[in-house]
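Working notes, structure below.
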Amino acid sequence: MSAATNESRKRGKKRYVAGQHKRWKGSRELEVGMEGILITCNMNERKCTAEAFNLLNEYADGLYGPEKLQDNDGSSSEEEDAEEEDVDVALKKEVAQLQASGAKQERRFQALESGANNVIFIRTLNLESDKLVHHILSDLHTTKKKKSRVILRMLPVTGTCKAFQEDIVKYLTTFLEPWFKAPNCATYQIAFKARNSSHNKRDEIIKAVAGLVGKLNPKNKVDLTNPELTIIVEVIKAVCCLSVVKDYTLYRKYNVQEVVKEDVPQTKTDAGTTEQKQKDDAGNGEGGKEEDSGDKAVPHEEKEAEKSENAGE
């Protein structure tokens, strides 16, 4: 075989493999309509994914019970067929199930490409991601027991839409009603972040969302110190991930590394500077920037972790 022929075959094989990889990746990406959990990490996505599955399954088993997998015919994997089958029939059935495995077997947690570096998306099925994440952080905050090394933040995603301002506002008009539409009301802040997306301006999105919350009920008020609720708006490429969470400040912006640390009291100087900064932001109608909500009180370690989280975006 000539060297030219061999090189040509290699190039053809590379193109085939690249095409296969692209199609596989496209079928496992974060898309509009999904729910789940955004998890940020410190430069090690593979280990982060493994830690995430361990942590989520541990607490999901406690809240919802062990996961019961379903066979492709819909029967539980724990059930036994009482009738004896012919050996050939049983073998054919097993082969057919192996060939179809993965396509019809939907797990309650599935890791997908998020579209940003140092961020993974765990798609959830048949459970409330906001309830699960809050339960995890509540336990970590109480026990102060560290259960991960590379996971930084865990943000529930209970709604997704296209990442354009008009689409975000339209979607939130209905999405926010359970928390903010009269007679419901609450103090709130807005935590906004965009990754690999340049068509949305932070101030415009925050003002639009704050205006919408005000229309739902004028009694809703911005509180950047200790809000009852935080509206999380995370834009990644063409998808906007949304959720409304409790105890965002208490649980250190939902950072699993920081929530297990003992609280460090603020100095009077830091507290006064932070309070004035928050008042200035509220006066500008910005509704609570993520990095402005108590950033002066965040320890040096957390700031360094966020730098690592944002690296490569």
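The values are calculated or read from the model by the stated rules, or taken from the named source; none is laboratory data. Computed from a prediction, not measured in an experiment: that's the story for all the values here. All Cβ positions, glycine included, derive from the backbone under ideal geometry; neighbour counts span all protein chains shown.
Does V222 satisfy the condition of being closer than 20 Å to E35 by Cβ and either surrounded by fewer than 22 Cβ atoms within 10 Å (Cβ to Cβ) or not aromatic (F, W, Y) (or both)?
Numbers: closer than 20 Å to E35 by Cβ: no; either surrounded by fewer than 22 Cβ atoms within 10 Å (Cβ to Cβ) or not aromatic (F, W, Y) (or both): yes.
Answer is no for this residue.
Please tell me if E228 is surrounded by 15 or more Cβ atoms within 10 Å (Cβ to Cβ) and modelled with pLDDT under 95.
Working: surrounded by 15 or more Cβ atoms within 10 Å (Cβ to Cβ): yes; modelled with pLDDT under 95: no.
Criteria not met by E228.
Suppose we filter F192, F180, F175 for residues that are of a type outside the set (S, T, Y), under 13 Å from I236 (Cα atoms) and surrounded by 17 or more Cβ atoms within 10 Å (Cβ to Cβ); which single one remains? Quick ask: steps written out before the conclusion?
Values: F180 fails: under 13 Å from I236 (Cα atoms); F175 fails: under 13 Å from I236 (Cα atoms).
Checking each option against the conditions leaves just F192.
If only one of V209, V233, V256, V213 is buried (at least 21 other Cβ atoms within 10 Å of the Cβ), modelled with pLDDT of 85 or more, more than 21 Å from the chain's Cα centre (by Cα) and of a type in the set (V, I, T), which one is it?
Details: V209 fails: more than 21 Å from the chain's Cα centre (by Cα); V233 fails: more than 21 Å from the chain's Cα centre (by Cα); V256 fails: more than 21 Å from the chain's Cα centre (by Cα).
One residue alone meets the criteria, V213.
Considering only residues of segment 195-206 that are surrounded by fewer than 21 Cβ atoms within 10 Å (Cβ to Cβ) and without any contact (Cβ under 8 Å) to a residue 60 or more places away in the chain, which is farthest from the chain's Cα centre (by Cα)?
Applying the first criterion (surrounded by fewer than 21 Cβ atoms within 10 Å (Cβ to Cβ)) to segment 195-206 yields 195-204.
Those left that are additionally without any contact (Cβ under 8 Å) to a residue 60 or more places away in the chain: 197-201, 204.
Working: S197: 17, S198: 20, H199: 21, N200: 19, K201: 21, E204: 23 Å.
Among them, the one singled out is E204.
Before we move on, is V239 out of contact with any Asp or Glu (no Cβ under 6 Å at 6 or more places or on another chain), crowded, with 22+ Cβ neighbours inside 10 Å and farther than 21 Å from E35 by Cβ? Let's see the steps before the verdict.
Values: out of contact with any Asp or Glu (no Cβ under 6 Å at 6 or more places or on another chain): yes; crowded, with 22+ Cβ neighbours inside 10 Å: yes; farther than 21 Å from E35 by Cβ: no.
Considered against the rule, which asks whether it is out of contact with any Asp or Glu (no Cβ under 6 Å at 6 or more places or on another chain), crowded, with 22+ Cβ neighbours inside 10 Å and farther than 21 Å from E35 by Cβ, V239 comes out as no.
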